[in-house]
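The values are calculated or read from the model by the stated rules, or taken from the named source; none is laboratory data. Computed from a prediction, not measured in an experiment: that's the story for all the values here. Note that we place each Cβ from the backbone using ideal geometry, even for glycine, and neighbour counts take in every protein chain shown. The accessibility values were calculated without ligands, DNA or RNA, using every heavy atom of the protein model including side chains. Shrake-Rupley method; radii C 1.70, N 1.55, O 1.52, S 1.80 Å.
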Amino acid sequence: MASSDYAGRLEGLSQSTRSAIAQVLSKVRFEIIPLKNAVAQAGHLPRGAVITVTASPNKGMEATMDLAAELAESGFDVTPHLSARLHRDRAHLAATLDKAAELGIRRAFVVGGDHLHPGEFFDGLSLLEAMNEIGHPFEEVGIPAYPEGHPVIPDAKLEQALLDKQPYAHHLATQMCFDAGAIRSFLSEARRRRIGLPAFLGVPGVGGRMKLLQISARIGVGDSVRFLSKNAKVVTKLLGPGGYDPGELLEGLGDRLSDPVMAIQGLHVYTFNRCEATEAWRREYLEALSQ
């Protein structure tokens, strides 16, 4: 969508809402998957951009750290996903942390992961506790949050996990969500429960309707089933008539994007390795907001 195409849709937005949207669009973290096209696609992102690298059960932590190394050497601010279930034991975790320190990586994103045969660590909290005991090089550690719940983890357990992880983390990033109301409710409740971590909102990037399924097929059958089961609403929305424009969610949140109680710091964009199209969308949207 060219910036001129946004004119009608943005016409009724107040200047404060435009500014709030522009602010989060200027603080973006781009998530990519360790696939063959990852480095080439990353080249379409702004120099020094923050890139998060996912951890795949099929490829293992080594693929994540190898890609993180290549991107760091290219000048990007890299955030590897550290999967609890992909680390065999404390020695394996220590080796990952040593490599991150060697590469000068300052950020990490800690997840439980989906591996069906975990080693010593069963969830993100156990990994965070071990990292704290071992010592790690990270100035900033992020953790996931689920505004619309999780397909297999009860809400009460998710809520307790956020509280337990908070002492070890610096921000949370929400899973992909298309419902502005769900995000408002989730963050309002989190703040009421004294979860004060700044939030990065998880939104999908842009691209062809079949891209999500193509990517899921390439990351492996087992991974694909887990990914699609956890993101059924995402699949439905992205493959529906007309595709999806991430700006719709931001406009739905409006001035709440700049509400200090919400503490929304920026966006965590799931690019599906469509970095060129996603960055073009971000720039066009910013241009339209400024008009």
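Condition first: under 30 Å from Asp245 (Cα atoms), touching a residue at least 40 places away in the same chain (Cβ under 8 Å) and in contact with a strand residue (DSSP E or B) (Cβ under 7 Å, 6 or more places away or on another chain). Can you find one or more residues in the range 151-165 that meet it?
no
Among what's in the range 83-105 and is acidic (Asp, Glu) and not in a loop (DSSP other than H, G, I, E, B), pick the residue that is most open to solvent (accessible area, probe 1.4 Å). Don't jump to the end; show me each part of the working.
Keep residues of the range 83-105 that are acidic (Asp, Glu), which gives 89, 98, 102.
Going one step further and asking which of them are not in a loop (DSSP other than H, G, I, E, B), we end up with 98, 102.
Numbers: Asp98: 105, Glu102: 154 Å².
My answer is Glu102.
In the range 161-183, how many are at pLDDT 95 or above and open to solvent by 50 Å² or more (accessible area, probe 1.4 Å)?
Within the range 161-183, residues that are at pLDDT 95 or above and open to solvent by 50 Å² or more (accessible area, probe 1.4 Å) number 5.
If a residue has to be assigned to a loop (DSSP other than H, G, I, E, B), touching a helix residue (DSSP H, G or I) at 6+ places or on another chain (Cβ under 9 Å) and either surrounded by fewer than 22 Cβ atoms within 10 Å (Cβ to Cβ) or free of Cβ contacts under 8 Å to residues at least 40 places away in the same chain (or both) to count, how many in the range 20-35 make the cut? Show your work before the answer.
Here is the first cut: in the range 20-35, the residues assigned to a loop (DSSP other than H, G, I, E, B) are 26-27, 33-35.
The next check asks that each one be touching a helix residue (DSSP H, G or I) at 6+ places or on another chain (Cβ under 9 Å); those that pass are 26, 33-35.
When the remaining residues are screened for being either surrounded by fewer than 22 Cβ atoms within 10 Å (Cβ to Cβ) or free of Cβ contacts under 8 Å to residues at least 40 places away in the same chain (or both), the result is 26, 34-35.
Final tally of qualifying residues: 3.
If you check Val261 against the conditions, is it out of contact with any Asp or Glu (no Cβ under 6 Å at 6 or more places or on another chain), in a loop (DSSP other than H, G, I, E, B), at pLDDT 90 or above and more than 23 Å from Glu11 (Cα to Cα)?
On the way: out of contact with any Asp or Glu (no Cβ under 6 Å at 6 or more places or on another chain): yes; in a loop (DSSP other than H, G, I, E, B): yes; at pLDDT 90 or above: yes; more than 23 Å from Glu11 (Cα to Cα): yes.
Against the criterion (out of contact with any Asp or Glu (no Cβ under 6 Å at 6 or more places or on another chain), in a loop (DSSP other than H, G, I, E, B), at pLDDT 90 or above and more than 23 Å from Glu11 (Cα to Cα)), Val261 qualifies.
Considering Arg9, Arg18, which residue is under 15 Å from Trp281 (Cβ atoms) and of a type in the set (D, E, K, R)?
Values: Arg18 fails: under 15 Å from Trp281 (Cβ atoms).
When all the criteria are applied, what remains is Arg9.
Being open to solvent by less than 20 Å² (accessible area, probe 1.4 Å) and in a loop (DSSP other than H, G, I, E, B) is the filter; apply it to the range 36-53 and report the residue that is farthest from Leu103 (Cα to Cα).
Restricting to residues being open to solvent by less than 20 Å² (accessible area, probe 1.4 Å) and in a loop (DSSP other than H, G, I, E, B), the top hit is Leu45.
Tell me, yes or no, whether the range 60-82 has at least one residue that is hydrophobic (A, V, I, L, M, F, W, C), open to solvent by 20 Å² or more (accessible area, probe 1.4 Å), under 18 Å from the mean Cα position of the chain (by Cα) and closer than 17 Å to Val269 by Cβ.
Scanning the range 60-82 turns up at least one residue that is hydrophobic (A, V, I, L, M, F, W, C), open to solvent by 20 Å² or more (accessible area, probe 1.4 Å), under 18 Å from the mean Cα position of the chain (by Cα) and closer than 17 Å to Val269 by Cβ.
As an exercise: evaluate Gly142 against (1) surrounded by 15 or more Cβ atoms within 10 Å (Cβ to Cβ); (2) under 26 Å from Val78 (Cα atoms); (3) more than 17 Å from the chain's Cα centre (by Cα) and give the number of the one condition it does not meet.
The number of the failed condition is (3).
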